[in-house]
Amino acid sequence: MVFDSIDDRGHEQVSYFTDPETGLKAIVAIHDTALGPSLGGTRFYDYETEDDALEDVLRLSEAMTYKAAAADLPLGGGKAVIVGNPEELKTEDLLEAYGRAVDHLGGRYITSVDVNTGVEDMEIVRRETDYAVGTSDGLGNPSPITAHGVFSGIQACADHVYGTESVEGLEVVVQGLGKVGQALAEELADNGAEVTVSDIDEDHVAAFADEHDVDTVAPENVYEEPCDVFAPCAVGGVVNDDTIPQLECDIVAGAANNVLAERRHAEALREEGIVYAPDYVINAGGLITVAKEYLGGTREGAFDEAAAIGDRLSEMIDRAERQDTTVLAAAEEYAEERIENAESVDETAVPAE
């Protein structure tokens, strides 16, 4: 099972770590390091089976390879999962043991925050390794930077569809008012877009709408709400066989991960005349921020690189038009070319005398 799964996706290394004293059971998956060391968060989750944990870490680490490559970062893709209920198992001792496990990989994998792991956890992990980012003395909350990258991507899509990067008067439905969704809605409204927001937290939606003078739509009606841009910023898999026929928009571009339920839904959107901005391209601002923290840089520099997401997405949209394919396929090709070029340089490099 493990070897077959690794071979299927082309992973370089999958490491299992245990520490009986603390209850640590962790899997670290390194997908590709052609462009640099792998970077990706650590997810602490109570999986039903170990096979589920393995499948998740393999899928997520592969996605990180494409996200880093598509963002023009000198990094590869990796991810880790700690198996178990964090409310029962998460202790300083366990996180320190996990830090030692990460350190054992010698810098091939750099970890950061993810589901059920936060800044305080990374600070404990960092006691045992230099290969952890996303701490309080780093570059701060990445959510506004992620939102800014999504905003830039929406501008690129608008330029392609409407012939202008201006969002003034653009009707945008933002699904999900978490940290990134809220920051995106604020930036859109501040720049003249006509924003409609939706979230399962009715009180939060009402307060946000009052403060920013935006419209609201109930979660069950969000897909059929007429708009120019549908911006999913909550859970994944929301673009699927059931929701695509309901969409009344020209663009799907948001911050959520794994927006498409299946890869084929990119083609389904294209057949409906809807431009889809691949999630791992448009939401790369968070990765850019922690990469800047690790490689050395400033928060201002991270904002600038997030703003460049729009230019990169425009290039992918143009490539898709020339090749009569989806933007997702063009983005994958862009990322794979970067990786192949790096591998070719490595293979032809001559050692110094």
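The values are calculated or read from the model by the stated rules, or taken from the named source; none is laboratory data. Just so it is clear, the structure is predicted and the values come from calculations on it, not from any experiment. Glycine also receives a Cβ, built like all others from the backbone with ideal geometry; neighbour counts cover every protein chain displayed.
Rundown of residues vs (1) among the small types (Gly, Ala, Ser); (2) under 23 Å from Val281 (Cα atoms); (3) in the same structural domain as Val102 (by TED's automatic domain parsing), yes/no style:
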position: Val115; (1), (2), (3): no, yes, yes
position: Val133; (1), (2), (3): no, yes, no
position: Asp137; (1), (2), (3): no, no, no
position: Phe151; (1), (2), (3): no, yes, no
position: Ala156; (1), (2), (3): yes, yes, no
position: Glu168; (1), (2), (3): no, no, no
- Could you name every one of the helices (runs of 4 or more DSSP H) located completely within segment 223-331 that has at least 3 residues being touching a Leu at 6+ places or on another chain (Cβ under 9 Å)? 265-271, 279-282, 285-295, 299-307
- Among Asn257, Asn240, which is the only one that is surrounded by fewer than 23 Cβ atoms within 10 Å (Cβ to Cβ), at pLDDT below 95 and of a type outside the set (Ser, Thr, Tyr)? Asn257
- Regarding Val113, is this residue crowded, with 16+ Cβ neighbours inside 10 Å, of a type outside the set (Phe, Trp, Tyr) and at pLDDT 95 or above? no
- Output the number of residues of segment 49-82 satisfying the condition of being surrounded by fewer than 19 Cβ atoms within 10 Å (Cβ to Cβ), under 19 Å from Gly23 (Cα atoms) and either in contact (Cβ under 8 Å) with a residue 12 or more places away in the chain or touching a Phe, Trp or Tyr at 6+ places or on another chain (Cβ under 7 Å) (or both). 2
- Query: Which members of segment 201-213 meet the condition of being outside any loop (DSSP other than H, G, I, E, B) and either surrounded by fewer than 21 Cβ atoms within 10 Å (Cβ to Cβ) or at pLDDT below 95 (or both)?
  - Reply: Glu202, Asp203, His204, Val205, Ala206, Ala207, Ala209, Asp210, Glu211, His212
- Message: Please determine whether any residue of segment 188-200 is surrounded by fewer than 24 Cβ atoms within 10 Å (Cβ to Cβ), in contact (Cβ under 8 Å) with a residue 12 or more places away in the chain and either closer than 17 Å to Asn283 by Cβ or not assigned by TED's automatic domain parsing to the domain that holds Asp311 (or both).
- Response: no
